[in-house]
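A quick write-up on the structure given underneath.
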Amino acid sequence: MIRRLLTGLLLGAFAAVAHAAFDLNQLMAELARNPGGNATFVEKRYLALLDKPVVASGEMSYRAPDWLQKRTLKPRPETVTLNRDTLSLERERRTMTINLRQRPEVAAFVDSVRSTLSGDRAALDRHYKLSLAGTRDAWTLTLVPSEPKILELLQRITVAGVREQVLKIDYLQADGDRTEMTIAPVKNP
């Protein structure tokens, strides 16, 4: 009886140590192994001026390490494409392009997503204070801007996932408005 109790306690202690051992470097290594893929998303924007969230949905594609496309299908079509240091927005037959090297504040914001997806901790550390909670199978990464210009716009970004998959991104703006994006990976046949 005592032997079983001790064995149970030891196994429980080892399990607790295994969960506690999951750290930022392990998460970044896990994310860096993800070659990319396709997903669907639902985005809810909670704005102080509106009683209900603004809901958008569509598809996303990611190819490691620095190509990402978000195609909003509803409520109106819009495509945002990140290709290395170029960000383009297509809406109603118009295209706007931003060179991220010329807009460091936009680049810092874009890096929150790009560098998380690619597991680039050095890039994240340049612009954010990072904290990780959870386990490999249910983690939450919080990014708090370290640059005053970004803090004027954004309080924090919370990214949640399972292993190498990012499943949720929340943005809390400095004015209290927030955006929640839920991501569902699409399995290739």
Counting only residues that are farther than 25 Å from Gln155 by Cα, give me the helices (runs of 4 or more DSSP H) lying completely in the stretch 12-128 with at least 1 of them.
24-32
Can you pull out every residue in the stretch 98-124 that is over 17 Å from Lys149 (Cα atoms) and open to solvent by 20 Å² or more (accessible area, probe 1.4 Å)?
Ile98, Asn99, Val113, Arg114, Leu117, Ser118, Asp120, Arg121, Ala122
Filter the stretch 145-176 down to the residues that are acidic (Asp, Glu) and in contact with a helix residue (DSSP H, G or I) (Cβ under 8 Å, 6 or more places away or on another chain), then identify the one that is surrounded by the fewest Cβ atoms within 10 Å (Cβ to Cβ).
Glu147
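I want to confirm something. Restricting to the stretch 129-182 and keeping residues that are in a loop (DSSP other than H, G, I, E, B) and among the hydrophobic types (A, V, I, L, M, F, W, C), which single residue is modelled with the highest pLDDT?
Filtering the stretch 129-182 for residues in a loop (DSSP other than H, G, I, E, B) gives 136-137, 146-147, 152-153, 163-164, 174-177.
Adding the requirement that they be among the hydrophobic types (A, V, I, L, M, F, W, C) leaves 153, 174.
Details: Leu153: 89, Ala174: 94.
Checking each candidate, the answer is Ala174.
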Of Thr142, Thr135, Thr179, which residue is among the hydroxyl-bearing types (Ser, Thr, Tyr), surrounded by fewer than 18 Cβ atoms within 10 Å (Cβ to Cβ) and touching a Lys or Arg at 6+ places or on another chain (Cβ under 8 Å)?
Thr142
Filter the stretch 82-97 for residues that are within 21 Å of the chain's Cα centre (by Cα) and within 19 Å of Thr179 (Cβ to Cβ); which is least open to solvent (accessible area, probe 1.4 Å)?
Leu82
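Check Val42, Val54 and return the single one that is touching a Ser or Thr at 6+ places or on another chain (Cβ under 7 Å), modelled with pLDDT of 95 or more, exposed (fewer than 15 other Cβ atoms within 10 Å of the Cβ) and β-branched (Val, Ile, Thr).
On the way: Val54 fails: touching a Ser or Thr at 6+ places or on another chain (Cβ under 7 Å).
Exactly one of Val42, Val54 is touching a Ser or Thr at 6+ places or on another chain (Cβ under 7 Å), modelled with pLDDT of 95 or more, exposed (fewer than 15 other Cβ atoms within 10 Å of the Cβ) and β-branched (Val, Ile, Thr), namely Val42.
Do the conditions hold for Ser61, that is, is it open to solvent by less than 50 Å² (accessible area, probe 1.4 Å), of a type outside the set (D, E, K, R) and at pLDDT 95 or above? Spell out the reasoning first.
Details: open to solvent by less than 50 Å² (accessible area, probe 1.4 Å): yes; of a type outside the set (D, E, K, R): yes; at pLDDT 95 or above: yes.
Yes.
The values are calculated or read from the model by the stated rules, or taken from the named source; none is laboratory data. This structure is a prediction, so every number in the text was calculated from the model and none was measured. All Cβ positions, even for glycine, are placed from backbone atoms using ideal geometry, and neighbour counts span all protein chains on display. All accessible areas refer to the heavy atoms of the entire protein, side chains included, with ligands and DNA or RNA removed. Shrake-Rupley method; radii C 1.70, N 1.55, O 1.52, S 1.80 Å.
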